[in-house]
Every structure is written in structure tokens, then in C-alpha cells.
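First up is the structure itself, then whatever we jot down about it.
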Amino acid sequence: MRVRKTPLRAGRITLRHSSDEGKIAAGLFSAATAAGLVAWGFAVHLKAKRAERDNPPIGRFIDVGGVRLHYLDQGKGDPIVLLHGNGSMVQDFVGSGLVDFLAERYRVIVFDRPGFGYSERPRHRTWTPAAQAELLTKALRRLGVEETTIIGHSWGTLPAIEMALLAPDQTRGLVLLSGHYYPEVRLDVAILSTPAFPVVGDALRYTISPALGRLLANRIIRRLFAPRDEPPEFRTTFPVAMALRPSQLRASAAESGLMLPVNSAAQKRYSELTMPIAIIAGAEDRIVSVQQSRRLHENVPDSALLIVPEAGHMVHYASPSEVVKAVDDITSRSSGG
């Protein structure tokens, strides 16, 4: 009996050692993984800081409602406000030439919307188009702007519309470029919104998302400008590295996630827009269906629709002269010319 018990005890001791070794190995692996992620995150942080050193602010700053906004203020005359799309910043409009063209006879104010470029985006608030409209309207009042024409591109058309609804008497008109105005289920939107999730999103933005963004940047840019080629001035003026900072990736993801509920709510109020509106879209836009612009034109009382042939999502690069003409028409109407 004693002889039989001995191997059993030995067997139990061996299993206990194996279990302990497994736990130690798992702990070491977890620690190594955590250390690797921390190191990766620190490297991403350093790249973000380097992007900011290489691309210092090109405009001015204003503090409104506890938020520091970066903006470009150029030219003299009737004020024109420009609001960029998701993932973008002030330099988008600069590279298109639109700022210089308009500044020849207007005062042009271009904002980095909250979370983009050098503008802050406090995390305690959900930055819907309405929330952004309230903030930007206050900023304009601080800058001495009483009446303005607002140009919005892509996602920037949504706060532009909200600004017009918030202060219709102060809005001469709207120029809406390549906008997405009506709810539509899109797989790409669901995927792109992931980095905005708490905890998981934070981890992604400091590890995988910036690296994936660098890999896909050229493909995304080609799709934005298709069917035309990417203009050389885009790369020389638009800092792609700034768009891949964790802070801006979070803002982009949040706005992707907001698109469906925002469009669902906003469509009920489009009929309230009574000021002159120019709706411009590229006939071959591969980001947003041109049908979105056609539908808005049908539902807005005082609107003009222009579909630019052989142009894509970046219609302000393809035809900046048409954007300027739309602004001129609205300004002429509001002044009684």
C-alpha cells in the first residue's frame, strides 16, 4: 500500500509545479505585453509632439466657454466663415486656394473645429454639430462678427447648418460642399468610430490606429480626390501627421459615430432654413453619395444646386471658383445688389 501511495504523491507534486510555472509564464507574458504597449504608446506620443513641432499654428487663438480655439483670420470686407470636414483642419482650405481667393474681397475666418488642428475638445461634453455651432457662434461674436456667410465642407456642413438655425438673422447664407445630410447605415462609419470608445478606444489610438492610418493614408487621399489626381499643393500644405495624433483620431472617431443620430435629428429641421443656400457636390464623389445633395436641394426652400462634373469629394479643390461665385451671389442678394 505504501509503495502505491508514493507515485501518487509524486504525481500531485509534479502537477502543482506545472500549474505554478504556467501562472508565472502567463504573468511574465502579460507584463511583457503591457510593457510593450506602454513603450508603443510613448512612441506614438513622441510622434504626435514631433508633428506639432514640425507644423506650428498658422493662425491665432481665442478662449470661448473654457475651450481654446485656433483660427485663421485673413482679408477685409464682409465676413466669410469656413468649417472643415472630419479629420481635417484649417490647412485644407488654405491648400485649395479658397482662403486666398476669398480674402481678395472678404474677411475670411477659418476655424479648426473642436478637437482638430490646434483647437481643444474637452471630453466632458459631446461635441454634436449643435454644441459646436453654439461655441463657434460665441467665438464669432467675440471677434466682432455680426453677420456672415458660412461655408461648410463634408461633416463641417452640419455645424454650419446648426449655426444658421441658431442665429438665422446673423446668417446671410450657406455654401454647403459635399455634405452628408440624411441618415444612412454605413459599415465604414461603424468601423471608424471605434477609437472613440472609452478604454478600448484610448488603447487603439495610442497603438494600432496611428500605424494603420499611416498605412492607409495614401489610399484614403486618392479616394478623397478621385476621379481626379491628388493636387501637389495638398501634400505641401496639409500636415497628415497632425491628423494621426491620438487626440485628433479621437475627434474623428467621435464624429463618425455621431453621423447617423445627428442626420436623423437634423433632417426634421432643414425646412426651417430660409436663407439663400448654395449646395455644391462632385458628380463622382466616392465618400458621400451625390444623392445626399440632391435630396437636400429638394427639401430646402431657397437653394441652388451645382453638381461639378468629373469631381469628387474635395470639390473645393476641383472648382474653387464656383465656391467663390456662390459666396458672391449670396453676398449680392443680402446687400440688395
Over all pairs of different Cα atoms in the range 212-311, the reciprocal of the mean inverse distance gives a Kirkwood radius in Å of 16.0 Å
Protection proxy (average C-beta count within 10 Å per residue), highest first, orders 113-126, 213-226 as 113-126, 213-226
A 1.4 Å probe over the protein heavy atoms gives the range 219-277 a carbon and sulfur accessible-area percentage of 57 percent
Among the Cα-Cα pairs of the range 274-337, the proportion with separation greater than 19 Å, in percent, is 33 percent
Among 268/325; 49/325; 47/268, the pairs whose Cα-Cα distance exceeds 32 Å are 49/325; 47/268
Any residue on another chain or 5+ positions along whose placed amide H is under 5 Å from the amide H of residue 175 is listed here as 150, 151, 152, 278
Under the Karplus relation with 6.51, -1.76 and 1.60 and θ = phi - 60°, whole-Hz ³J(HN,Hα) for the range 229-237, x at Gly and Pro, equal 6, 5, x, x, 5, 5, 5, 7, 10
For the range 32-166, the accessible surface attributable to carbon and sulfur atoms (probe 1.4 angstrom, ligands and nucleic acids excluded) amounts in percent to 52 percent
For 85-98, 57-70, ranked highest to lowest by mean beta-carbon neighbours within 10 Å, the order is 85-98, 57-70
The range 261-337 accessible area per residue, 1.4 Å probe, protein heavy atoms, integer Å², reads 46 Å²
Mean Cβ-within-10 Å packing, highest first, puts peptides 150-162, 250-262 in the order 150-162, 250-262
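The values are calculated or read from the model by the stated rules, or taken from the named source; none is laboratory data. All of these numbers come straight from a predicted model, not from anything done at the bench. Note that each Cβ is placed from the backbone with ideal geometry, even for glycine, and that neighbours are counted across all protein chains shown. Surface accessibility is based on the protein's heavy atoms, side chains included, excluding ligands, DNA and RNA. Shrake-Rupley method; radii C 1.70, N 1.55, O 1.52, S 1.80 Å.
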